[in-house]
1. Restricting to bridges with both residues inside the range 12-322, how much of the DSSP beta-bridge set is antiparallel, in percent to the nearest 5?
2. Please compute the modelled spin-label separation between residue 68 and residue 291, points set 7 Å along Cα→Cβ, answer in nm with one decimal.
3. For the range 193-243, list log₁₀ I(q)/I(0) at each q in 0.15 Å⁻¹, using the Debye formula over Cα point scatterers of equal strength and ignoring solvent, two decimals each.
4. Relative contact order (percent) for the chain, with alpha-carbon contacts under 8 angstrom and 6 or more residues of separation?
5. Please order 327, 339, 223 by the number of other Cβ within 10 Å, starting at the fewest.
6. With each pseudo-label sitting 7 Å past Cα toward Cβ, what's the residue 112-residue 164 distance in nm, one decimal?
7. Please order 301, 192, 18 by the number of other Cβ within 10 Å, starting at the fewest.
8. Gap in Å between the Cα centre of the range 95-122 and the Cα centre of the range 1-72?
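Please treat every number below as a calculation from the coordinates, not as lab data. Predicted model, so just to flag it, every value in this text is computed and none were measured. Here the Cβ is made from the backbone with ideal geometry for all residues, glycine too, and neighbour counts use every protein chain on show.
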């Protein structure tokens, strides 16, 4: 094999024992899980807001950002359920660039996955303990989910992973909502097949075990726009796109809890981060205009951090994205309050 086996990593059970979750934090996660599932099942008519940095780069700034969300959540609790993003893995189309805190707990240092596994658990644990938020992360590596399984309340499967069988099968064994993004090509049938697979039970190999899953009834769609064969971004959040998804769900009567989260950034915004504000409001307008759209749209995904935009190499600005550009805090706070007023 053309690789070097550097060292044996800790198992998820060992890392969990090193950094355990308190009884109080466990109860917080249970309450969060129930509130979020109630939205997806239709028991609650609140709007979910999955919001936070494009990628988690440093513990202090990420926890600072999430701490700012806490009083906002208390203000809008009757209308909105906030799920902070702590994305600790970053997919790279060409393999180059920052791959997230799992790979580089210090973005300025060399990759160290042993330290990274500990760093991502400590970050999610600190967020839950200090703010009461159990957060969202991207399931880039399905075999790593167990390191965070007692801390997360939401998981996203990315556009480049949604066709992968191991992602689909692992999602079928999780007991929290899992969002399946449409692939970068925009083929919604791929996304729907992924949802169908994850809502079914399976027998498969997971972390050297033969396991059996029961199916995840809270697996749902995420619309994030797409890129055509010329490399041009196209949105799929408009009224017509949402109505098309309604039709696809209606054509799949065996799927449970038909739902979609609209990703306001990525190809939907063309990575023009300020467009997220307009897109979020347009989605809410579509919901008000069509009852079937309102029935399936459960929330929005927004990239936001303390400082707006993104920084280049050598900038070292606290609370500013080192990957895709994000909304800054003043616009974030204003948007959340506006959405609560509109919803």
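1. Counting only bridges with both partners in the range 12-322, antiparallel ones make up about 15 percent.
2. 4.1
3. -0.64
4. 16
5. If I rank by nearby Cβ atoms, fewest first, I get 339, 327, 223.
6. The two pseudo-label positions are separated by 2.5 nm.
7. The fewest-first ordering by Cβ neighbours comes to 18, 192, 301.
8. The range 1-72 and the range 95-122 have Cα centres separated by 17 Å.
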